[in-house]
Amino acid sequence: MYEHAKALGITLITISLRPSLMKYHTHLLTLAGDGSAGWTLTQVGTAEERMGIDREITSLESKLADVEKWEERVKELDVLLSTQKLV
């Protein structure tokens, strides 16, 4: 779909955090999201853009590493809440 749209001369704007979509774009627009109305525009494939993807991958790996810990915590809270309902 992306390739066909590009072949037709259509400018694509993707709202996504998926690094796999980078291959379809030439620029990356990053909005600050902190209310400052700040933004940056970088070319896809630049060192800065690759570092951004690397940071994203590191962040996701860190979150995935914590999944078991959070699942155990949910179980603990379920037990505590179940006990409180009985009292």
Given [x] 85; [y] 76; [z] 168, the label whose value is volume of the Cα convex hull per residue in Å³ derived from this model: [z]
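With n ≥ 4 as the cut-off for DSSP H runs, can you work out [θ] at 222 nm for the chain, using -39500 (n - 2.57) per run divided by the number of residues, rounded to the nearest 500? Don't jump to the answer; show the numbers that get you there.
Working: 3 runs with 45 residues, N = 87.
That comes out to -17000 deg cm²/dmol.
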The chain: angle of helix 67-86 to the longest principal axis, Cα-based, in degrees nearest 10: 40
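Read-outs: derived from the displayed coordinates by stated rules, not from any lab. These figures come from a predicted structure and were not determined experimentally.
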